[in-house]
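Enquirer: Below is the structure I would like to discuss, written out as structure tokens.
Derivation of every value follows stated rules applied to the coordinates shown; laboratory data play no part. Nothing here was measured: the structure is a model prediction, and the numbers come from that model. Note: ideal-geometry Cβ built from the backbone for every residue, glycine included; neighbour counts use all protein chains shown.
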Amino acid sequence: MNTIAKIKKTQNTIHADSNHVSTESGALIGSNDDLLIEILLRLPVTSVLRFKSVSKHWCSLLSHRHFTLLYKNASSSPGLFAHNLYIPFDDENRSTPPFRDLDFYPDPHGIRIVQSCNGLLLCRSNEGDERVRKYYVFNPTTNQFAVIPSVLGGMAVHKAIFFMALAFHQTDCVHYKVVCFYLSKPDDVLKIQIYSSDTRKWKISDESLSFPDPFLAAFHYIVYWNQAIHWAPYWENQTYFKIDTEELQSLPMPVVVASSESYEKWDMPLYFGESRGHLHMVKKQRVDHGESHIKLNVFEILNDHSGWFLKYQVDLGELRDAYPETRGYCKWIPFYYDFEVFDVVRGEHEEEEETFMVIRVPGKVIRYNVVDKSFKQIYDQNYLYGRNGHMHVHRYIESLVPF
């Protein structure tokens, strides 16, 4: 055999051995669930969803609660919904909206979002009498949904529903709960029922809440945080509902942080929400009547609910100058500005420099970094003219946790 023939034979042997080793390595990984999970945990959500179709075994593995609880990449939040309009946080690397319309169930009245909670959306019929409204829990990442059965007490209770709230977290509340507050006559108190996805049944709580007739707006700012349902602290609505013990507890108001400021209890927050385990409330800073700046204070509550502390102070003066359309007119207010705080998003891994606020000005949505004071426009749409209200803004969080 000549030298060239020997070289070709050697190369073929090496290639065959390499393919054999590769096949053996692939078979080893494929047969070792622990090793396979370690690899799949590092993939983005889109890849995990796609790999569910590889085989029944992979589908079962990737859908199992053990994997979904370990999977951390799904805690990211690429954007939010203003009403049902999807707005990505990064205008340069726009993510694909998880859905175009809330058409996962053929509701004749249409469907709208009520609350976002750690990847799940609480939705309800968009129109129609309360007596015929349906409620849903929807995971837009997996396109999975559940229809919530009617509350106990029949139509008399169903038509007296004041508001619904969703409680879910992939570690401390893995079986989601829906909490119903409804008006009980003739006592004029709000009574409480709790639905669990674990038992798939409603139960009546012993707790009740005085009906806050003049202060209904606060109950549209519903947030689940630290194993409790919270609504914006406002006037006499300074309570929260602990899910595990089914108890109403007192929630303090922020203290005055400077002698020149006055946080009256009847001032509605500009924002009330949670991000990466932190509960925030944004209030406008009191300034002199001659002051033309937009100044905000971002408060954060202590984990034991014992009080609030000032986390950020934000001066939006440069934002006002860059977007003069924020200057509005109100004959009762010398310096009136048309803007809304849509969201407060904390940086990943406590990286403060990545923390930003999402602010709406007329026709535009701005991303404002609270640390370096930089800002950029992330959405431009005439649809956003007029006030949307924070209660119509819901963050999208990727979640693989099955019901």
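Enquirer: Under the 0.36 nm per residue contour assumption, what length would be gained going from the current alpha-carbon distance of Met155 and Gln227 to full extension?
Expert: 22.9 nm
Enquirer: At 7 Å along the Cα-to-beta-carbon direction for both Leu85 and Lys203, put a label point, then send me their distance in nm to one decimal.
Expert: About 4.3 nm, to one decimal.
Enquirer: Here's another thing I want to ask about it. Just list whichever of Lys311/Lys373; Lys134/Lys242; Lys134/Lys364; Lys52/Lys177 have alpha carbons separated by over 22 Å in the model shown.
Expert: Long pairs (Cα-Cα over 22 Å): Lys134/Lys242; Lys134/Lys364; Lys52/Lys177.
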